[in-house]
1. Would you mind putting 160-167, 136-143, 185-192, 27-34 in packing order, based on average other-beta-carbon counts within 10 Å, highest first?
2. Principal axis lengths of the range 55-180 from Cα atoms, whole Å, largest first?
3. Along the Cα-to-Cβ line of Arg217, 7 Å from the Cα, sits a label point; which residues in the range 169-191 have backbone N less than 14 Å from it?
4. Can you give me the convex hull volume of the Cα atoms of the chain, divided per residue and expressed in Å³?
5. Counting helices only, and only those DSSP H runs with n ≥ 4, report the 222 nm mean residue ellipticity of the chain as the sum of -39,500 (n - 2.57) divided by its residues, in deg cm²/dmol to the nearest 500.
6. Which residue, chosen from Ser63, Leu130, Leu199, occupies the Cα position most advanced towards the positive end of the dipole of the range 39-213, where the dipole is computed from +1 (Lys, Arg) and -1 (Asp, Glu) charges on Cβ about the Cα centre?
7. At most 16 other Cβ atoms within 10 Å and a DSSP loop assignment: could you name the GluC sites (Glu not before Pro) in the range 178-227 that fit?
8. For a 22 Å ceiling on Cα separation, which of these pairs sit above it: Lys146/Lys196; Lys48/Lys85; Lys86/Lys121; Lys17/Lys52?
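The values are calculated or read from the model by the stated rules, or taken from the named source; none is laboratory data. These numbers come from a predicted model, not from an experiment. We place every Cβ from the backbone using ideal geometry, glycine too, and count neighbours over all the protein chains shown. Only protein heavy atoms, including side chains, enter the accessible area calculation; ligands, DNA and RNA are left aside. Shrake-Rupley method; radii C 1.70, N 1.55, O 1.52, S 1.80 Å.
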Amino acid sequence: MTEEKIINGFPFVSYWKECFEQEEMLSRSAGFLQWMDTRRSVRDFSDKPVAKEVIEHILLTASTAPSGAHKQPWTFCAVSDPAIKKQIREAAEAEEYESYNSRMPPEWLADLLPLQTDWHKDFLEIAPWLIIIFKRIYEPGGNGRKLNNYYVQESTGIATGFLLSAIHNAGLAALTHTPSPMNFLAKILNRPDNEKPFLLVPVGYPAQECWVPKLQRKTLDEIARFY
Ligand code: IYR
């Protein structure tokens, strides 16, 4: 049972968490690794609809992420309206066309070759949902006052990680898409000045025929140092 008490004038609740014996901990951590390792960034989506309630659960899961001073400095815009998706695709493709043809240096283009990406972004109209994550760089405090948020970039990044995990857990696929520059998203979605686009995540079922690059993840030796 949750207990409550006041510490220095502020409400606290007792925290209880199920703990596991060593053996179960090992098998759970290995199982989660195996499951998360099946997540891939997908560019070939099916247009099969996904229930709004599923998206609501995914967004609420993302919003369980920790954040600086618990300010939760994020807004998620979930778009299923075909007319808005079309607008987003057209604006994204216009930026991406410029990027691929004149803005990205040869080294960057060479790094992207194994992914076989280009400026065409059909998935922005095909995927049933586009989730656009905005970081809230401040909170409007009334009378033009701006209230602080903290570690906005880190907090929004963590929430996005939770979002991607929740999408994967639901059995859906996603892409972390970064059209650059992204300001057109704030305009199309009519977002206020305190919100800046962070990432565009198409969500849906993978297409019946869906290909992803054959990638290798770094080994533990390459990513970790134990002290
Ligand atoms: N934003 C472009 C280019 C791109 C950049 C990186 I770094 C990628 O990992 C993949 C793509 C695009 O989405 O095509």
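1. 160-167, 185-192, 136-143, 27-34
2. 43, 34, 30
3. 169
4. Convex hull of Cα atoms, per residue: 209 Å³.
5. When only DSSP H runs of four or more count, the value is -10500 deg cm²/dmol.
6. Sorting the options by dipole projection puts first Ser63.
7. Passing both the DSSP loop test and the Cβ count: Glu209.
8. Pairs exceeding the cut-off: Lys17/Lys52.
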